[in-house]
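Have a look at the structure below, then the notes.
The values are calculated or read from the model by the stated rules, or taken from the named source; none is laboratory data. Source: prediction; values computed, not measured. With ideal geometry, Cβ positions are generated from the backbone for all residues, glycine too; neighbour counts draw on all protein chains shown.
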Amino acid sequence: KINLTIDGIDISVAKGSTILQAAKEAKVDIPTLCFLQGVHEPGSCRICVVEVEGWRGLQPACVTKAEEGIVVKTSSRLVRETRRDILELILANHNRECLSCKRNQKCELQKLAEDFGIDSNYYEKKGTCVELDQSGPVVRDTSKCVLCGRCVSVCSNIQKVNAIDLAYRGPNTSVTTPYEQSLSLRSCINCGQCIKVCPVGALQERDDTEKVWKALEDPELHVVVQTAPAVRVALGEEFGLPVGTNVKGKMVTALKRLGFNKIFDTTFGADLTIMEEGTELLHRINNGGKLPLITSCSPGWVKFCEHNYSDFLDNLSSCRSPQQMFGAVAKSYYPQKAGLDANKVFVVSVMPCTAKKFEADREELKINGLKDVDAVITTRELAKMIKQAGINFNELSDSYYDELLGTSTGAGVIFANTGGVMEAALRTVADILTGEDLQTIEYHEVRGLEGTKEATVNINGMELNVAIAHGTGNAAKLLDTIREGKADYHFIEVMACPGGCINGGGQPILMDKSKTQEVNQLRAASIYSLDRTAVKRKSHDNPEIKKIYAEFLDKPGSSKAHQLLHTHYIA
Ligand code: HC1
Ligand code: SF4
């Protein structure tokens, strides 16, 4: 232990702690802009400078180690003025169109400017002088970039994608892509994790709300919406509700008020995925097919696999993701049952994910040249639409999803969490193998936020070796062990985002990003509680799933199912 004094408070901290960590323990706030524990720890922005008595100059608290007996001052006049100077320099190079910025009121720079009483009249306003890279789902606005480097770190260290990097020197320093090509042309997997860590508005999702408004206004179109499992436990945060609040009922009411013709649930698509993927797993095991089977519902992961682990493409499940399965039946089975012209059905998805925008546009997923999903908006974009429509979200009463594609099971809901797809699949596979309606259905060994998890599950004498990875960096680690012949699994679940969809690139932005893990835990707990209280908890028990097979798809793996619900991948 080391003893030191911070702003007059005596404190003992573990040896090796930084002054920033020590201050946190002493409950003294030191502002940061670039630092993000576990993601980016560089000491480059210097907003966190502090004074240490007897030391020359100011020290960046995020990288300076606490030493025995030091006396630290975090808010002396010198510290405050230096921080102001640093902020003014950053702002001088920043496109200060705060009012029209997507991050207005969710911007760490704006908050610091307010906290430090910055008078922005010192400098001429800098206008938008760069062209936005709007080619893909992740939009970059370099005129707002503060060069903190968090996006570069998350992309290279956590996701192991390396799509962006800091290039050039001095005043020309910028975050850019190899050969300065547009992000969508490169290896970027559209996961949006860079958006989540950006302190300002330099990274955002492509805005697809206008497309949705236009469809809603078009009297010719029949507009249906599907909502992903993870959205229901995060949307409330955009309206000031406690983290993890389940707002499913309010969300359905809000979507009705926005004018959607039918409100359906992606969890129906998730249950359908389990029927097909469970069947595929058993088929591969029984027929000497390629193993391990690896899930393919996360489009960021699929693109990562195509770019970096193409030797595993045959391992990917041929199942389309729940979003795409839903779209395919919303444009075939649904219009047939509802007596509608399939060409007039417009499918909107509300997703916690930016990569789902990319997935919906993929050529391989078109059926007869038509997209299954016409527009994808994120949790954030839906919140914006609700606000624009003047809907008082928190006062809304609850409504239910519409029938036919709107009934969910607990299995479909837990897809939102890392390990959830695996658990949902195990519930169905176990019932198939035993021929029983098993009552022990919670597989706690596949739950939790550790980067990779593995378990051996014994079902009716069959030993199933399973593994789970979330965050593509963890997936890479796991696949490397298989490449090296050090591991042997039957079934693997991979989700591109750390934590799974609950932490997707389209979820609400946290002002305090150091709380990410805590927030993920609360959202995940809320998802598991939705499962515990669900009427049906296994995909094959979903009455609407039984109906669609009886009336339309025949049985899992049928030729119709293959035509509508499966796909292939590109090397
Ligand atoms: Fe997901 Fe999925 S769980 S990928 O995280 O398989 O986005 O929520 O909708 O498609 O169901 C996302 C979430 C989502 C799909 C399902
Ligand atoms: Fe990297 Fe994901 Fe951002 Fe693309 S979207 S630049 S892969 S962090």
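Going by the structure shown, is residue 362 crowded, with 22+ Cβ neighbours inside 10 Å and either among the charged types (D, E, K, R) or not assigned by TED's automatic domain parsing to the domain that holds residue 253 (or both)?
no
Where the second residue is surrounded by fewer than 23 Cβ atoms within 10 Å (Cβ to Cβ) and assigned to a loop (DSSP other than H, G, I, E, B) and the first is in contact (Cβ under 8 Å) with a residue 12 or more places away in the chain and small (Gly, Ala, Ser) and lies in region 481-502, which pairs have Cβ atoms under 8 Å and are six or more apart or on separate chains?
499/449
Within region 181-212, work out how many residues are assigned to a loop (DSSP other than H, G, I, E, B) and more than 7 Å from ligand 2 (Cβ to nearest atom).
In the first step, residues of region 181-212 are kept if they are assigned to a loop (DSSP other than H, G, I, E, B); the result is 181-182, 186-192, 198-202, 206-208.
From what is left, the residues that are more than 7 Å from ligand 2 (Cβ to nearest atom) are 181-182, 186-187, 198-202, 206-208.
Residues in region 181-212 being assigned to a loop (DSSP other than H, G, I, E, B) and more than 7 Å from ligand 2 (Cβ to nearest atom): 12 in total.
Let me spell it out: the conditions are (1) out of contact with any Pro (no Cβ under 8 Å at 6 or more places or on another chain); (2) assigned to a helix (DSSP H, G or I); (3) away from ligand 1 (no atom under 15 Å from the Cβ), and residue 300 meets all of them except one. Which number is the exception?
(3)
Assess whether residue 537 counts as being under 20 Å from residue 321 (Cα atoms) and assigned by TED's automatic domain parsing to the domain that holds residue 295.
On the way: under 20 Å from residue 321 (Cα atoms): yes; assigned by TED's automatic domain parsing to the domain that holds residue 295: yes.
Yes, satisfied.
Please find, among 555, 486, 546, the residue that is exposed (fewer than 15 other Cβ atoms within 10 Å of the Cβ), closer than 21 Å to residue 413 by Cβ and not polar (S, T, N, Q).
Checking each option against the conditions leaves just 546.
Against the definition (part of a loop (DSSP other than H, G, I, E, B), within 27 Å of the chain's Cα centre (by Cα) and either in contact (Cβ under 8 Å) with a residue 60 or more places away in the chain or more than 15 Å from ligand 1 (Cβ to nearest atom) (or both)), how does residue 422 come out, yes or no?
no
Confirm whether residue 167 is out of contact with any Cys (no Cβ under 8 Å at 6 or more places or on another chain) and on the phi < 0 side of the Ramachandran plot. First the steps, then the outcome.
On the way: out of contact with any Cys (no Cβ under 8 Å at 6 or more places or on another chain): yes; on the phi < 0 side of the Ramachandran plot: yes.
Spelling it out, residue 167 is indeed out of contact with any Cys (no Cβ under 8 Å at 6 or more places or on another chain) and on the phi < 0 side of the Ramachandran plot.
Being within 14 Å of ligand 1 (Cβ to nearest atom), modelled with pLDDT of 95 or more, basic (Lys, Arg) and buried (at least 24 other Cβ atoms within 10 Å of the Cβ) is the requirement here; does residue 250 meet it? Give the steps one after another, and end with the answer.
On the way: within 14 Å of ligand 1 (Cβ to nearest atom): no; modelled with pLDDT of 95 or more: yes; basic (Lys, Arg): yes; buried (at least 24 other Cβ atoms within 10 Å of the Cβ): yes.
No, not satisfied.
Which numbered condition in (1) among the polar types (S, T, N, Q); (2) touching a Gly at 6+ places or on another chain (Cβ under 8 Å); (3) more than 16 Å from ligand 1 (Cβ to nearest atom) is the only one that residue 187 fails?
Looking at each condition in turn, residue 187 falls short on (2).
Report every pair of residues separated by at least 6 positions or lying on different chains whose Cβ atoms are under 7 Å apart, first residue within region 156-178 and without any contact (Cβ under 8 Å) to a residue 12 or more places away in the chain, second outside any strand (DSSP E or B) and within 13 Å of ligand 2 (Cβ to nearest atom).
Here the result reads 156/162, each pair linking region 156-178 to a residue that is outside any strand (DSSP E or B) and within 13 Å of ligand 2 (Cβ to nearest atom).
Could you pull out the residue among 487, 469, 455 that is closer than 28 Å to residue 206 by Cα and hydrophobic (A, V, I, L, M, F, W, C)?
Details: 487 fails: closer than 28 Å to residue 206 by Cα; 455 fails: closer than 28 Å to residue 206 by Cα.
Answer to the selection: 469.
Would you check if there is a residue in region 315-322 being surrounded by fewer than 24 Cβ atoms within 10 Å (Cβ to Cβ) and within 16 Å of ligand 2 (Cβ to nearest atom)?
no
Could you give me the residue pairs with C-beta distances under 9 Å whose first residue belongs to region 15-32 and is touching a residue at least 60 places away in the same chain (Cβ under 8 Å), whose second residue is not β-branched (Val, Ile, Thr) wherever it lies, and which are 6+ apart or on separate chains?
Close Cβ pairs satisfying both conditions: 31/48; 31/83; 31/108; 31/111; 31/112; 31/115; 31/116.
Could you list, in sequence order, all residues of region 218-229 that are free of Cβ contacts under 8 Å to residues at least 40 places away in the same chain and either buried (at least 24 other Cβ atoms within 10 Å of the Cβ) or in a helix (DSSP H, G or I) (or both)?
none
Evaluate region 490-497: report whether one residue or more is touching a Pro at 6+ places or on another chain (Cβ under 7 Å), buried (at least 21 other Cβ atoms within 10 Å of the Cβ) and over 19 Å from residue 270 (Cβ atoms).
So far as region 490-497 goes, no, none of its residues is touching a Pro at 6+ places or on another chain (Cβ under 7 Å), buried (at least 21 other Cβ atoms within 10 Å of the Cβ) and over 19 Å from residue 270 (Cβ atoms).
Name the one entry in 172, 157 that is more than 10 Å from ligand 2 (Cβ to nearest atom) and modelled with pLDDT of 95 or more.
Exactly one residue qualifies, and that residue is 157.
Checking the structure you have, find out if any residue of region 369-391 is of a type in the set (A, V, I, L, M), at pLDDT below 95 and surrounded by fewer than 22 Cβ atoms within 10 Å (Cβ to Cβ). Before you say what the answer is, go through the steps one by one.
The first filter runs over region 369-391 and keeps only residues of a type in the set (A, V, I, L, M), leaving 370, 373, 375-377, 382-383, 385-386, 389, 391.
Pick out the ones that are also at pLDDT below 95 and you get 370.
Next, from what is left, pick out any that are surrounded by fewer than 22 Cβ atoms within 10 Å (Cβ to Cβ): 370.
Within region 369-391, one or more residues are of a type in the set (A, V, I, L, M), at pLDDT below 95 and surrounded by fewer than 22 Cβ atoms within 10 Å (Cβ to Cβ).
One residue is enough: does region 230-239 have a residue meeting the conditions within 27 Å of residue 501 (Cβ to Cβ), among the aromatic types (Phe, Trp, Tyr) and not in a strand (DSSP E or B)?
Looking through region 230-239, at least one residue is within 27 Å of residue 501 (Cβ to Cβ), among the aromatic types (Phe, Trp, Tyr) and not in a strand (DSSP E or B).
When region 10-19 is examined, which residues are found to be at negative phi and touching a Lys or Arg at 6+ places or on another chain (Cβ under 8 Å)?
12, 13, 14, 15, 17, 18, 19
Which condition number does residue 404 fail, the rest of (1) at positive phi; (2) among the aliphatic types (A, V, I, L, M); (3) surrounded by fewer than 16 Cβ atoms within 10 Å (Cβ to Cβ) being met?
In the conditions (1) at positive phi; (2) among the aliphatic types (A, V, I, L, M); (3) surrounded by fewer than 16 Cβ atoms within 10 Å (Cβ to Cβ), residue 404 misses (3) alone.
Quick one: is residue 36 buried (at least 20 other Cβ atoms within 10 Å of the Cβ) and out of contact with any Leu (no Cβ under 8 Å at 6 or more places or on another chain)?
Criteria met by residue 36.
I'd like the full set of residues that are surrounded by fewer than 16 Cβ atoms within 10 Å (Cβ to Cβ), assigned to a helix (DSSP H, G or I) and in contact (Cβ under 8 Å) with a residue 24 or more places away in the chain, limited to region 505-517.
Answer for region 505-517, where residues must be surrounded by fewer than 16 Cβ atoms within 10 Å (Cβ to Cβ), assigned to a helix (DSSP H, G or I) and in contact (Cβ under 8 Å) with a residue 24 or more places away in the chain: 514, 517.
Taking the condition buried (at least 23 other Cβ atoms within 10 Å of the Cβ) and more than 16 Å from ligand 2 (Cβ to nearest atom), does residue 138 pass?
In short, no.
Which of the residues spanning region 48-92 are assigned to a loop (DSSP other than H, G, I, E, B), surrounded by fewer than 18 Cβ atoms within 10 Å (Cβ to Cβ) and touching a residue at least 60 places away in the same chain (Cβ under 8 Å)?
If the condition is that a residue be assigned to a loop (DSSP other than H, G, I, E, B), surrounded by fewer than 18 Cβ atoms within 10 Å (Cβ to Cβ) and touching a residue at least 60 places away in the same chain (Cβ under 8 Å), then 67, 68, 69, 75 are the ones that fit.
Go through 264, 260 for me and flag whichever is within 15 Å of residue 382 (Cβ to Cβ), more than 10 Å from ligand 1 (Cβ to nearest atom) and either outside the structural domain of residue 504 (by TED's automatic domain parsing) or part of a loop (DSSP other than H, G, I, E, B) (or both).
None of the others qualify; the one that does is 260.
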